[in-house]
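Trainee: Once you've had a glance at the structure underneath, I'll fire off some questions.
The values are calculated or read from the model by the stated rules, or taken from the named source; none is laboratory data. The shown structure was predicted, so the numbers you read here are calculated from the model rather than taken from an experiment. Here the Cβ positions follow ideal geometry from the backbone for every residue, glycine too, while neighbour counts run over all protein chains shown.
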Amino acid sequence: MTIIIMKTIDTVEIINNKHHSKATGALFLLDANQKLVQIYFVDGEMVSIKSRNISGRDVIKSLVNMKPVKFQFHDGAETRIHDNLPSTSSIINSIANAKNEYAQTQLLTDHIEKRARELFINYVGPIADVIFEEQIEKSASVDSLIQTLSSYIDNSKDKQEFINSLKTII
């Protein structure tokens, strides 16, 4: 059993290490908010991943923004659940690429986020507040957030106006 406590941990590096060493066991990642992600490996390949009540591909997306402060690997641990996951190499590449994209984009300050939310509500209506909250958590970049939010606006003129207004705010 390996326990490592650090300020921040590179998720890609840990997964890549288990993949290349052909490890079999369970990797546990814990972030500062006590969110736990469990990843099971068989011969270096990810076979199962879960966090809270979510499993599979949906959890992989959350690894992009996760900043683990602690991880533990239980060598030889097994799971009966095998998710239908892409290859471990492609998971590692997609997380690494998404992290690079995320790092290269501008993050929203609280003031900009508030103005963007208000603008979105003006175009979509009261439900927009809920949609905005969900999408800001899921989006890996400002550009993807803009594209996703604009997809909720049906009228093409309004959609373009929203995108232009949002880009001037950001």
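Trainee: Answer yes or no as to whether GLY76 is touching a helix residue (DSSP H, G or I) at 6+ places or on another chain (Cβ under 7 Å) and of a type outside the set (S, T, N, Q).
Mentor: no
Trainee: Still on this model: If you go through segment 118-135, how many residues are buried (at least 16 other Cβ atoms within 10 Å of the Cβ) and within 21 Å of the chain's Cα centre (by Cα)?
Mentor: 3
Trainee: Could I ask something else about it? Counting only residues that are under 14 Å from the mean Cα position of the chain (by Cα) and not in a helix (DSSP H, G or I), which one in segment 65-103 is surrounded by the most Cβ atoms within 10 Å (Cβ to Cβ)?
Mentor: Only one residue tops the list, namely PRO68.
Trainee: A further question follows. From SER21, SER48, SER55, grab the single residue that is surrounded by 18 or more Cβ atoms within 10 Å (Cβ to Cβ) and either in the same structural domain as SER139 (by TED's automatic domain parsing) or over 16 Å from ALA96 (Cα atoms) (or both).
Mentor: SER48
Trainee: Examine segment 142-154 for a residue that is over 25 Å from the mean Cα position of the chain (by Cα) and surrounded by fewer than 17 Cβ atoms within 10 Å (Cβ to Cβ), and state whether such a residue exists.
Mentor: Yes, because at least one residue in segment 142-154 is over 25 Å from the mean Cα position of the chain (by Cα) and surrounded by fewer than 17 Cβ atoms within 10 Å (Cβ to Cβ).
Trainee: Only residues that are of a type in the set (Val, Ile, Thr) and either touching a helix residue (DSSP H, G or I) at 6+ places or on another chain (Cβ under 7 Å) or assigned to a helix (DSSP H, G or I) (or both): list them for segment 119-137, please.
Mentor: Residues satisfying the conditions are ILE121, VAL124, VAL130, ILE131, ILE136.
Trainee: OK, next. Tally the residues that are touching a residue at least 12 places away in the same chain (Cβ under 8 Å) and either among the aromatic types (Phe, Trp, Tyr) or assigned to a strand (DSSP E or B) (or both), restricting the search to segment 5-64.
Mentor: Count: 23.
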